[in-house]
1. Among the candidates A:Leu187, A:Leu103, single out the residue that is within 24 Å of A:Phe19 (Cα to Cα), in a loop (DSSP other than H, G, I, E, B) and not β-branched (Val, Ile, Thr).
2. So which of B:Lys132, B:Lys91, B:Lys82 ends up being in contact with a Ser or Thr (Cβ under 6 Å, 6 or more places away or on another chain), among the basic types (Lys, Arg) and under 22 Å from B:Val52 (Cβ atoms)?
3. If B:Glu161 satisfies every condition in (1) under 27 Å from B:Ile248 (Cα atoms); (2) part of a helix (DSSP H, G or I); (3) of a type in the set (Asp, Glu) but one, which is the exception?
4. What are the residues in the range B:284-308 that are touching a residue at least 60 places away in the same chain (Cβ under 8 Å), of a type in the set (A, V, I, L, M, F, W, C) and in a loop (DSSP other than H, G, I, E, B), if any?
5. For a quick check of your reading: which helices (runs of 4 or more DSSP H) sit entirely within the range A:19-84 and have at least 1 residues that are closer than 21 Å to B:Ser51 by Cα and out of contact with any strand residue (DSSP E or B) (no Cβ under 9 Å at 6 or more places or on another chain)?
6. Is it fair to say B:Lys159 is in contact with a Gly (Cβ under 7 Å, 6 or more places away or on another chain) and without any contact (Cβ under 8 Å) to a residue 40 or more places away in the chain?
7. Is it true that A:Ile25 is of a type outside the set (D, E, K, R), surrounded by fewer than 18 Cβ atoms within 10 Å (Cβ to Cβ) and more than 11 Å from chain B (Cβ to nearest Cβ)?
Amino acid sequence: MKKNTNYPTIGVLGLQGDFQEHIEILTKLQIPYIKVTSSEDLDKINGLIIPGGESTTIIKLLKTNNIFKKLKKKIQLGLPTWGTCAGAIVLAKKVTGLKLETLKILEIDVARNAYGRQKESFSADVSIPKLNKNRFPGIFIRAPKINKISSKIKPIAKLKNGEIVGIEEKNIIVTTFHPELTQDDSLHKYFLKKISH
Amino acid sequence: MAGKTKKNSKNVKVDQHKLNIGLAQMLKGGVIMDVVTPDQAKLAEDAGACSVMALERVPSDIRAAGGVARMSHVKLIESICKAVSIPVMAKVRIGHFVEAQILESIGVDYIDESEVLTPADEQFHIQKNNFKTPFVCGARNLGEAVRRIHEGAAMIRTKGEAGTGDIVEAVRHMRTINEEIISLNKMSAVKLNKKAKEMRVPIAILKDIRKNKKLPVVNFAAGGIATPADAALMMQLGSEGVFVGSGIFKSSEQYREQLTLAKSIVKAVTNYDKPDILRNVSSKITSTMKGQSADSLVNNEKLSMRGN
């Protein structure tokens with residue numbers, strides 16, 4: 001297989017959480033990546049993945065590592081960005097159950113830990129029509145719930161009961177589940193298509 | 001039909017275990033802080049802790065108080081669960097599966113079957129596979145780690161020597177586990193089989209570890225971490241996150257100093273390989289835990305000697 005040496009570089013926000021799992025998938029797909037931990041790192045990337053983790057911790061570290069403002073600007077200017085689970089919270093405009101200020105970029109209302117504590121974590125089939133998938137393995141760990149989305153935003157992933165668990169708006173994708181914990185890399189490939197050469 | 005039901009229930013268990021390992025994966029690169037009151041839990045959350053460990057006393061006080069250390073009071077754990085939105089862990093005595101049942105009923109997110117409390121069973125650890133709630137367990141070496149994983153632990157931490165503020169044991173345990181993992185590589189099939197017997201574990205787990213060059217669950221450092229530099233040291237040695245026990249709230253009586261230290265440790269774990277940032281966060285520290293050298297303890301005072 002030929003190496004994608006000319007491929008744009010993907011940043012994986014590496015402040016806290018399961019960024020290594022995303023990195024392993026990018027490595028397998030032979031996509032150049034860097035771990036983003038400073039504002040300078042943001043200048044080297046063409047797309048960003050915000051991983052799962054503890055959203056309060058990630059938001060605080062965005063601030064103490066001086067990434068917050070620049071990141072917000074970059075995403076608003078069109079940086080392709082994908083947030084998984086905690087990443088969804090970081091990007092949302094309104095979050096129930098969080099006292100911290102998020103990036104406030106996406107017109108969605110999200111409730112943290114909406115399904116309950118760890119005992120209520122679950123796995124379920126997710127349907128993603130764009131990928132022609134009815135049974136994407138959805139892993140929901142103390143997951144947030146998307147309660148409301150603006151009319152401009154397209155749902156891309158749903159549970160059997162119709163609950164929205166993934167959305168897309170322009171340069172941004174959000175999933176409340178963790179594709180990085182599965183063997184299925186189709187959502188990673190889908191995100192990579194958003195990034196221009 | 002009966003066969004089918006059995007298969008399904010096995011799948012449910014496998015799924016749950018994956019979800020439980022998954023929560024530990026979400027904690028990676030983070031700091032889990034011991035707290036004894038809802039206010040301390042809030043301080044930890046404000047400092048950026050990814051989880052808190054709800055306790056009645058921090059290990060250094062347990063050490064000083066002597067007597068029998070048990071699971072914390074139910075109401076205390078409940079009040080800490082209510083105070084914060086990050087995951088809450090709590091400790092049970094080694095082998096005390098009823099304390100674990102109670103914690104599961106409370107709804108804590110992780111159970112630490114911990115040598116810091118007085119062991120309840122000298123022979124058996126808890127059969128952790130019987131629970132829906134995930135467990136973290138301490139280990140001094142690979143054999144202990146794998147035995148705990150085989151019993152169902154979804155996360156491992158070094159035992160270190162809790163309550164001392166002395167990092168030496170945590171370093172020893174992390175190095176030992178790493179070296180033992182590397183040494184699996186050179187073993188012939190016969191030797192690996194012998195090793196599995198020696199460790200009293202199924203050979204399949206050892207084969208899996210040999211192939212992936214790491215434990216099948218997340219591995220944190222614990223026991224004696226008192227400064228941002230200690231935390232970064234453990235990260236550079238390959239740990240995937242850290243527990244801080246007595247280190248924060250035994251450093252000072254002052255809220256502000258405690259918060260500064262807690263924040264500094266959180267930032268140090270993220271930036272563990274950046275000396276300039278480590279210097280910067282270390283310069284903000286005005287007070288650290290006095291501690292007690294692990295070397296000065298006789299064997300029966302060492303909490304890490306409990307459980308095997």
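1. Working: A:Leu187 fails: in a loop (DSSP other than H, G, I, E, B).
Only one candidate qualifies: A:Leu103.
2. On the way: B:Lys132 fails: in contact with a Ser or Thr (Cβ under 6 Å, 6 or more places away or on another chain); B:Lys82 fails: in contact with a Ser or Thr (Cβ under 6 Å, 6 or more places away or on another chain).
Step by step, each of B:Lys132, B:Lys91, B:Lys82 is checked, and only B:Lys91 is in contact with a Ser or Thr (Cβ under 6 Å, 6 or more places away or on another chain), among the basic types (Lys, Arg) and under 22 Å from B:Val52 (Cβ atoms).
3. Of everything listed in (1) under 27 Å from B:Ile248 (Cα atoms); (2) part of a helix (DSSP H, G or I); (3) of a type in the set (Asp, Glu), B:Glu161 misses just condition (2).
4. Selection gives B:Met289, B:Leu297.
5. The helices (runs of 4 or more DSSP H) meeting that bar are A:19-28, A:55-64.
6. Details: in contact with a Gly (Cβ under 7 Å, 6 or more places away or on another chain): yes; without any contact (Cβ under 8 Å) to a residue 40 or more places away in the chain: no.
In short, no.
7. On the way: of a type outside the set (D, E, K, R): yes; surrounded by fewer than 18 Cβ atoms within 10 Å (Cβ to Cβ): no; more than 11 Å from chain B (Cβ to nearest Cβ): yes.
Against the criterion (of a type outside the set (D, E, K, R), surrounded by fewer than 18 Cβ atoms within 10 Å (Cβ to Cβ) and more than 11 Å from chain B (Cβ to nearest Cβ)), A:Ile25 does not qualify.
Residues checked against (1) among the acidic types (Asp, Glu); (2) under 29 Å from B:Gly66 (Cα atoms):
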| residue | (1), (2) |
| --- | --- |
| B:Glu180 | yes, no |
| B:Ala189 | no, no |
| B:Ile209 | no, no |
| B:Leu215 | no, no |
| B:Val218 | no, no |
| B:Ile225 | no, yes |
| B:Gly241 | no, no |
| B:Gly245 | no, yes |
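The values are calculated or read from the model by the stated rules, or taken from the named source; none is laboratory data. The structure displayed is predicted, hence computed values, not measured ones. FYI the Cβ positions are ideal-geometry reconstructions off the backbone, even for glycines, and counts take in every protein chain you see.
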